[in-house]
1. Mind telling me which of the residues A:L271, A:L261, A:L241 ends up being closer than 30 Å to A:V205 by Cα, assigned to a loop (DSSP other than H, G, I, E, B) and open to solvent by less than 50 Å² (accessible area, probe 1.4 Å)?
2. Here is a list: A:G41, A:G51. Which entry is away from chain B (no Cβ under 14 Å) and either open to solvent by less than 50 Å² (accessible area, probe 1.4 Å) or within 16 Å of ligand 1 (Cβ to nearest atom) (or both)?
3. Just to confirm my filter: which strands (runs of 3 or more DSSP E) fall fully inside segment A:1-120 and include at least 2 residues that are touching a Lys or Arg at 6+ places or on another chain (Cβ under 8 Å) and away from ligand 2 (no atom under 16 Å from the Cβ)?
4. Within segment A:54-67, can you find the residues that are within 12 Å of ligand 1 (Cβ to nearest atom) and more than 13 Å from chain B (Cβ to nearest Cβ)?
5. Kindly list the number of the only condition in (1) closer than 18 Å to A:I49 by Cα; (2) in contact with a helix residue (DSSP H, G or I) (Cβ under 6 Å, 6 or more places away or on another chain); (3) open to solvent by 10 Å² or more (accessible area, probe 1.4 Å) that fails for A:L156.
6. Taking the condition within 26 Å of B:E84 (Cα to Cα), among the β-branched types (V, I, T), buried (at least 19 other Cβ atoms within 10 Å of the Cβ) and touching a helix residue (DSSP H, G or I) at 6+ places or on another chain (Cβ under 6 Å), does B:I153 pass?
7. Of the residues B:F222, B:F202, B:F250, which single one is of a type in the set (F, W, Y) and open to solvent by less than 10 Å² (accessible area, probe 1.4 Å)?
8. Among what's in segment B:38-63 and is hydrophobic (A, V, I, L, M, F, W, C) and buried (at least 18 other Cβ atoms within 10 Å of the Cβ), pick the residue that is farthest from the chain's Cα centre (by Cα).
Amino acid sequence: MAQIRLKNVSKRWNNFVGVDNFNLDIADQEFLVLLGPSGCGKTTTMRMIAGLEEITEGEIWIGDRLVNKLEPKDRDISMVFQSYGLYPNMTVYENIRFPLKVRKVPQEQHHERVMAASKMVELDDFLQRRPAALSGGQRQRVALARAIVREPNAFLMDEPLSNLDAKLRVSTRAQIKNLHHTLKRTTIYVTHDQIEAMTLADRVVVMNKGLVQQVGTPMEIYDRPANTFVASFIGSPAMNLIQGSIEGGVFTASGIRIEGLTSVAKGPVTLGFRAEDATLADSNGQIEAPIYTVELLGEATMLSMRVAGELVSIKVGKDYRAEIGDMARVAIPAAACHLFDHSTGARIA
Amino acid sequence: MSQATLSHKRPLGLTILITAFIVVWVILAAFPFFWTVWGSFKVEPDFFSRESWWNAIFGVYTQRQNDGSAFTGSGYYGAWVTREFWRAVGNTAIVTVSVTVISLTLGTLGGYALARSGQRYAFWILILALVFRAMPHITLVSGYLLPFFQLNIWGVLPTSIIVLVAINQPFTLWMLHSFFLSIPKDLDESAMVDGCSRFEAFRRVIIPVMWPGVVTTGLFSFLLAYNDFAVTSMLLSADNQTMVPKISSFLGSVQEQGNVMFAVAAVVSATVPLFILVLFFQRQIVSGLTAGAVKG
Ligand SMILES: Nc1ncnc2c1ncn2[C@@H]1O[C@H](COP(=O)(O)OP(=O)(O)OP(=O)(O)O)[C@@H](O)[C@H]1O
Ligand SMILES: [Mg+2]
């Protein structure tokens, strides 16, 4: 009913490219997360879908309507703004009610719906306050309540949790997930927090500098990053990336040698592996290097070592103890390794 | 209570200095006005006495002409009844209200459009407006005078209303433009996503937030029209005069005794509405002048 399609959508300001050639089909009721570092064009993409930003090139379809020329109000979506956009002269109650009033929802439904929405985000105690008398997190929840008070084609949420404390963030995250399950609306959610992306998304779009890097389920993105940017952006710690060369299935760089790779590539490549895929080895490991730091995380211990000029993180058992400068041997299974093109960074295997 | 503790801490010398300064300042600022109000209830030989300025206080001639009373309403009677000052008051009301309403309507719409457009020409329109604002009013009037005669629209109220709006518009445009700039764009955008058209967003969300700015700008427009002499004295016929040129005409014809007192009485009458206005809108004016960031 409300699938959203972006066809070759671009946004340019003079010579600056904000979003470049964005192509995506978002299925009805899908939860799609736009993920990327600050300034990569997430908000811009969302604003183009909402109709707040003119599209330089391309087409946007909502349902079976081409909406390029449609006013925001006629696109029937609701949006949570990164900077809230609450109406300062209205109380929280009036703020949440505003969309119902403008869209001429019958009067007698207003109260019930406002109360339901405010209950969902636990705002009941603040209904008579003005936005100026609320904390950042409370304002964000008002914005959220105002978005969910009606039932639009789609929800657009621009970093709706960025100002909540860690605990509230986890519970609101769960609420949003549940809300999506209950309301069954297409949702586009912007964040630069990969944990949010992983936990909420049906599919994630990773963006960088206005370009889509990869589209996939959270597991696809984690297990098979399409390039070194995605590899280094997803996961904590990020994937270890080492420059070296490969020949006959053997990767070498100073301090590291991995045999048994299936790739037939030859020449300089970038090798990646995740900290948790590596294990400590007694003899003949793939890496042998002195320990640079030891970080205790509680549930595990994080070692870092300097290999081929890069700091490499290795996740080991929580009882492991060693001094800085001790030599350590690390085994990396060839199956857990990712290979990326040396110059473009694109995945080879 | 906190004020009491504050003044306790303050050294005596400073307190005296501050008080003395305020007293001097109040006298300087308010004395001419009180002097005029007091004098408006006297006759001319007292208020403009050549013998002694004490006459203006005690009203020697006023008592003589008035069976012993030191106050007389003859100035007011002469101005309002004999010379029909109420006509001028009515004309002023028409002119000021029209100028304010038209200026504000065009100014809020235009200021909003310019503040949100982001096009280069918006900047040039504002600069052009500034140039027109900088021109002396009289240049506009002298340029208009001949065409107005030829079109046979000289002397009537609508003509001066249009000219006053033209003079005032650049200012309202600038002022409202900067007020609109201080309102975050997110507000319009939220409203539009919530289901408003651009104009509805303007009317239901932006204007209510802008209210202090509108009141402040409106007050300045009002005062411009209210106090104008250059335009109204040149463009209005004697029948259609507003208060300020009317007062000036009381002064001009000195043949009759008491005419100057008519002017004094009329001046006092003309000041009263301003006091009421400022008292009434005090809160909005202060918040309008200090308005800056609107917390979202
Ligand atoms: N009106 C504009 N004119 C010129 N450049 C702009 C404009 N709006 C945004 N940009 C640029 O477009 C790029 C993308 O901006 P956008 O707001 O989409 O980033 P974002 O991914 O939402 O970042 P964040 O996570 O910090 O919110 C940025 O580099 C920004 O500087
Ligand atoms: Mg953003």
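1. Details: A:L271 fails: assigned to a loop (DSSP other than H, G, I, E, B); A:L241 fails: assigned to a loop (DSSP other than H, G, I, E, B).
After ruling out the rest, the residue left standing is A:L261.
2. Numbers: A:G51 fails: away from chain B (no Cβ under 14 Å).
Selected residue: A:G41, the only one of A:G41, A:G51 that is away from chain B (no Cβ under 14 Å) and either open to solvent by less than 50 Å² (accessible area, probe 1.4 Å) or within 16 Å of ligand 1 (Cβ to nearest atom) (or both).
3. Working: elements: A:4-13, A:16-26, A:31-35, A:57-62, A:77-80.
Output list reads A:16-26, A:57-62.
4. Step one: of segment A:54-67, the residues within 12 Å of ligand 1 (Cβ to nearest atom) are A:54, A:56.
Scanning segment A:54-67 gives a single hit, A:T56.
5. Single failed check for A:L156: (3).
6. Numbers: within 26 Å of B:E84 (Cα to Cα): yes; among the β-branched types (V, I, T): yes; buried (at least 19 other Cβ atoms within 10 Å of the Cβ): no; touching a helix residue (DSSP H, G or I) at 6+ places or on another chain (Cβ under 6 Å): yes.
It is false that B:I153 is within 26 Å of B:E84 (Cα to Cα), among the β-branched types (V, I, T), buried (at least 19 other Cβ atoms within 10 Å of the Cβ) and touching a helix residue (DSSP H, G or I) at 6+ places or on another chain (Cβ under 6 Å).
7. Values: B:F222 fails: open to solvent by less than 10 Å² (accessible area, probe 1.4 Å); B:F202 fails: open to solvent by less than 10 Å² (accessible area, probe 1.4 Å).
Every option except B:F250 fails the conditions.
8. Step one: of segment B:38-63, the residues hydrophobic (A, V, I, L, M, F, W, C) are B:38, B:41, B:43, B:47-48, B:53-54, B:56-58, B:60.
Narrowing further to those that are buried (at least 18 other Cβ atoms within 10 Å of the Cβ): B:41, B:43, B:47, B:56, B:60.
Working: B:F41: 25, B:V43: 29, B:F47: 27, B:A56: 29, B:V60: 36 Å.
It comes out as B:V60.
The values are calculated or read from the model by the stated rules, or taken from the named source; none is laboratory data. Since the model is a prediction, treat every value here as computed from it, not as a measurement. Glycine gets a Cβ as well: all are built from the backbone with ideal geometry, and neighbour counts include every protein chain shown. Keep in mind that these areas ignore ligands, DNA and RNA; they rest on the heavy atoms of the full protein, side chains included. Shrake-Rupley method; radii C 1.70, N 1.55, O 1.52, S 1.80 Å.
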